[in-house]
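Everything below concerns the one structure shown next.
The values are calculated or read from the model by the stated rules, or taken from the named source; none is laboratory data. What you see is a predicted model, and the numbers here were worked out from it, not measured in a lab. Methodologically, a virtual Cβ is constructed for each residue, glycine included, from the backbone with ideal geometry; neighbour enumeration extends over all protein chains shown.
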């Protein structure tokens, strides 16, 4: 079975880019300065108020992959170990290339992909009139097509949800947050045109997810599969 791990980075549009009715709707429950700032940060969470600024794709079996990212100049380069190709373009390019790559694979591995990445990608693609090539939201309880590690490691909501950083530390995996960058830094990095740093951060999240998947596959999934077969 051919499979890939992917992760996305998104960035909300500035509040003033929306008309007054939209702004009123987005700030409906915001109270005071802190509430408004929190509402602005949350714009990055929704496909109707944000854009995709990077997608990293890693093949967990070969350890190779590709990182797509937005930049104000066209860039193509490889990582120091030549395992990952970085390529820049606008959001339409990123999404089109992602779906083109995806059609060659059978299984997709994410962390919170069903809750965030997949619906975000599907909706952004629809908004930009980009056709999808795979169903990223198949039957929830079958990991064979979309293996969402957050779903699997919380046993579909039976236990508390922890973020990727917490799971990585618990499983002895280097957290992508250990280098001092988090998702909250995306706006500053984007506005300062530090596009390559965004791409590297996105790849770090994806590599961490791939490592977490390896542990899940070796220590949990194998037992579950064997028990089901018996």
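For the stretch 12-21, name all the residues that are in a helix (DSSP H, G or I) and surrounded by 12 or more Cβ atoms within 10 Å (Cβ to Cβ).
The answer is 15, and nothing else.
Every residue, every condition in (1) in contact (Cβ under 8 Å) with a residue 60 or more places away in the chain; (2) under 21 Å from residue 60 (Cα atoms); (3) surrounded by 13 or more Cβ atoms within 10 Å (Cβ to Cβ), yes or no:
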{"residue": "140", "(1), (2), (3)": "no, no, no"}
{"residue": "145", "(1), (2), (3)": "no, yes, yes"}
{"residue": "148", "(1), (2), (3)": "no, yes, yes"}
{"residue": "153", "(1), (2), (3)": "yes, yes, yes"}
{"residue": "174", "(1), (2), (3)": "no, yes, yes"}
{"residue": "179", "(1), (2), (3)": "no, no, no"}
{"residue": "189", "(1), (2), (3)": "no, no, yes"}
{"residue": "199", "(1), (2), (3)": "yes, yes, yes"}
{"residue": "207", "(1), (2), (3)": "yes, yes, yes"}
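Among (1) surrounded by 14 or more Cβ atoms within 10 Å (Cβ to Cβ); (2) assigned to a loop (DSSP other than H, G, I, E, B), where does residue 9 come up short?
Single failed check for residue 9: (2).
Among all residue pairs at least 6 apart or on different chains, which show Cβ distances below 6 Å where the first residue, located in the stretch 111-137, is modelled with pLDDT under 95 and the second is part of a helix (DSSP H, G or I) and crowded, with 17+ Cβ neighbours inside 10 Å?
The qualifying pairs do not exist here.
Which residues, counting only those in the stretch 173-218, are modelled with pLDDT under 90 and either over 19 Å from residue 109 (Cα atoms) or assigned to a helix (DSSP H, G or I) (or both)?
Those that are modelled with pLDDT under 90 and either over 19 Å from residue 109 (Cα atoms) or assigned to a helix (DSSP H, G or I) (or both): 176, 177, 178, 179, 180, 181, 182, 183, 184.
Scan the stretch 76-83 and tell me whether some residue there is touching a residue at least 60 places away in the same chain (Cβ under 8 Å) and over 27 Å from residue 191 (Cβ atoms).
No, because not a single residue in the stretch 76-83 is touching a residue at least 60 places away in the same chain (Cβ under 8 Å) and over 27 Å from residue 191 (Cβ atoms).
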